[in-house]
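Peer 1: Could you have a look at this structure, given as structure tokens, before my questions?
The values are calculated or read from the model by the stated rules, or taken from the named source; none is laboratory data. A quick note: this is a predicted structure, and the numbers were derived from the prediction, not measured. Don't worry about glycine lacking a Cβ; one is built from the backbone with ideal geometry, like all the others, and counts go over all protein chains shown.
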Amino acid sequence: MERLFLFFYQYRAFFTFLVIEVVCAWLIIENNQYQGAKFFNSSSGMVARLNNFSQDVREYFLLRNINSTLAEENAVLRSKLEQFNQIHQASDSIGRKDSTVIKQFDFISAKVVNNSVNRFTNYLTINKGSSSGVRPGMAVISPLGAVGKVKAVSNHYSVVTSILHKDYKLSVLMTRTGYFGSVSWDGKDPEFAQLNFVPGHVNPAKGDTVVTSAYNAVFPEGIMVGIIEEVKQTPSLFYDLKVRLSQDFRKLSYVEVVRSHLKNELDSLQGPYLEEGSR
């Protein structure tokens, strides 16, 4: 404290000068209309800029909560849209509805907490697990397209097999031609995948849309997968098609887990026949 008083005492002339300068500036602003207007306009502009900067900082730190809220809303809206579509598909000529079809899918919003794209076997981890109703085998999608399938779960987390996995195959449909195929990753570029088993008479073209097919009860039909980027004919009976994936996995932040209410029924019905055919 003594050093502080000594400091002020040593520089008392300088501080006295500062006080007098402030008083003089105040008197000029207070007693002159032009100088007063200029000062208050300048100070108002500076305060406005500071307020804008402060608001931008607050909004930046709130983005995580905003994104989480939007992801939850997207899951709810997707569920309602799916129910709406199922209602129309299940309505027959006299207006009856099949309630089991209408409730075929639910959607659980989740945040990606870990993700890999540069390996041959890529996985991602999400922050929802068995306590939220997530089970192995459930499909995972994003607002931009198909992502993968749940492999393992704990109480609060799940590991998802990404489409960017060399052993993962996804049944798809080319919307223009109506033909089916299988999308798989060749382990090279995370932006692209290969579309296999498309016969030579189909005549696919660059720009054709590829979506999930109805040949499973995991993914809802019509989920975006990608766009055909390159078409090559091979000596074999099938095309070599390169698909640009609709979802950039390097920017994946939020996903939705698809809970199918009919998967167990379909598996139990098909199981014995599939086992018989494999013998």
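Peer 1: Quick one: count up the residues across region 185-208 that are closer than 15 Å to Arg244 by Cβ and touching a residue at least 12 places away in the same chain (Cβ under 8 Å).
Peer 2: Step one: list which residues in region 185-208 are closer than 15 Å to Arg244 by Cβ, which gives 185-186, 188-195, 204-208.
From the residues that got through so far, the ones that are touching a residue at least 12 places away in the same chain (Cβ under 8 Å) too are 185-186, 190-195, 204-208.
Number of matching residues: 13.
Peer 1: Within region 247-269, can you find the residues that are at pLDDT below 85 and basic (Lys, Arg)?
Peer 2: Once the filter is applied, which keeps residues that are at pLDDT below 85 and basic (Lys, Arg), region 247-269 yields only Lys263.
Peer 1: Going by the structure shown, is Val225 among the β-branched types (Val, Ile, Thr) and surrounded by 19 or more Cβ atoms within 10 Å (Cβ to Cβ)?
Peer 2: yes
Peer 1: State all residues of region 217-246 that are among the polar types (S, T, N, Q) and at pLDDT 90 or above; if no residue qualifies, say none.
Peer 2: Ser246
Peer 1: Determine, yes or no, whether Gly137 is in the same structural domain as Phe219 (by TED's automatic domain parsing) and more than 22 Å from Glu191 (Cβ to Cβ).
Peer 2: Considered against the rule, which asks whether it is in the same structural domain as Phe219 (by TED's automatic domain parsing) and more than 22 Å from Glu191 (Cβ to Cβ), Gly137 comes out as yes.
Peer 1: What residue, among those in region 104-149 that are in a strand (DSSP E or B) and more than 16 Å from the chain's Cα centre (by Cα), is surrounded by the fewest Cβ atoms within 10 Å (Cβ to Cβ)?
Peer 2: Thr121
Peer 1: I want to confirm something. Restricting to region 143-168 and keeping residues that are of a type outside the set (A, V, I, L, M, F, W, C) and under 16 Å from Pro220 (Cα atoms), which single residue is modelled with the lowest pLDDT? If you could, list the steps in order and put the result at the bottom.
Peer 2: The first filter runs over region 143-168 and keeps only residues of a type outside the set (A, V, I, L, M, F, W, C), leaving 143, 145, 148-149, 151, 154-158, 161-162, 165-168.
Narrowing the set further to residues that are under 16 Å from Pro220 (Cα atoms) leaves 143, 145, 148-149.
Values: Pro143: 84, Gly145: 89, Gly148: 95, Lys149: 94.
Looking at the filtered set, the residue picked out is Pro143.
Peer 1: Filter region 146-170 down to the residues that are in contact with a strand residue (DSSP E or B) (Cβ under 9 Å, 6 or more places away or on another chain) and over 13 Å from Ser184 (Cα atoms) and list them by number.
Peer 2: If the condition is that a residue be in contact with a strand residue (DSSP E or B) (Cβ under 9 Å, 6 or more places away or on another chain) and over 13 Å from Ser184 (Cα atoms), then Lys149, Val150, Lys151, Ala152, Val153, Tyr157, Ser158, Val159, Val160 are the ones that fit.
Peer 1: A follow-up question, please. Look through Val198, Val202, Val183 and report the one residue that is in the same structural domain as Thr125 (by TED's automatic domain parsing) and under 24 Å from Tyr123 (Cα atoms).
Peer 2: Numbers: Val198 fails: under 24 Å from Tyr123 (Cα atoms); Val202 fails: under 24 Å from Tyr123 (Cα atoms).
That would be Val183, the only listed residue that is in the same structural domain as Thr125 (by TED's automatic domain parsing) and under 24 Å from Tyr123 (Cα atoms).
Peer 1: Is it the case, given these coordinates, that Thr161 is more than 19 Å from Thr212 (Cα to Cα), assigned to a strand (DSSP E or B) and not aliphatic (A, V, I, L, M)?
Peer 2: It is false that Thr161 is more than 19 Å from Thr212 (Cα to Cα), assigned to a strand (DSSP E or B) and not aliphatic (A, V, I, L, M).
Peer 1: Let me ask something else. Restricting to region 158-177, and then to whatever is within 20 Å of Lys251 (Cα to Cα) and of a type in the set (Ser, Thr, Tyr), can you tell me which residue is surrounded by the fewest Cβ atoms within 10 Å (Cβ to Cβ)?
Peer 2: So, considering only residues that are within 20 Å of Lys251 (Cα to Cα) and of a type in the set (Ser, Thr, Tyr), the one surrounded by the fewest Cβ atoms within 10 Å (Cβ to Cβ) is Thr161.
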